[in-house]
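Any read-out appearing in this document is the output of simple, stated calculations on the displayed coordinates, not a laboratory observation. Please read these numbers as outputs of a predicted model, since none were measured by experiment. Cβ atoms come from the backbone with ideal geometry, glycine included; neighbour counts cover every protein chain shown.
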Amino acid sequence: MKPVTVYTTDMCPYCRSAKALLDRRGVTYEEINLARDPDSRRELAELTGMVTFPQVVIDGSSIGGFQELLAADRAGRLGELLAA
């Protein structure tokens with residue numbers, strides 16, 4: 001499985017939903033909480049061009065936020081995105 005990073009912040013319902021979806025699918029991910037690691041905000045902006053939360057990155061490529069993650073899951077593409 002390709003590495004997954006989820007950029008989150010505190011008190012974010014979409015962040016919780018994204019992590020719950022990945023947990024239900026058995027996807028292991030690294031969480032970077034930007035409320036606790038503000039230096040990573042610059043990294044997130046450089047990587048994705050976005051500063052909204054959550055941002056899901058699979059193998060170095062941004063797939064977007066929770067809505068995009070959910071759409072990929074519902075379309076059956078999440079497994080393809082994660083396949084090594």
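Points to keep in mind about this one:
- Region 4-82: relative contact order as a whole-number percent, Cα under 8 Å and 6+ apart: 34
- Given [x] 10.4; [y] 7.7; [z] 4.8, the label whose value is mean projected area of the Cα convex hull in nm² derived from this model: [z]
- Packing here is the average count of other Cβ atoms within 10 Å per residue, and on that basis the peptides 2-14, 54-66, 28-40, highest first, run 54-66, 2-14, 28-40.
- Model label zone, residue 11; criterion: amide N under 18 Å from point 7 Å along Cα-to-beta-carbon; scope region 40-71: 52-54
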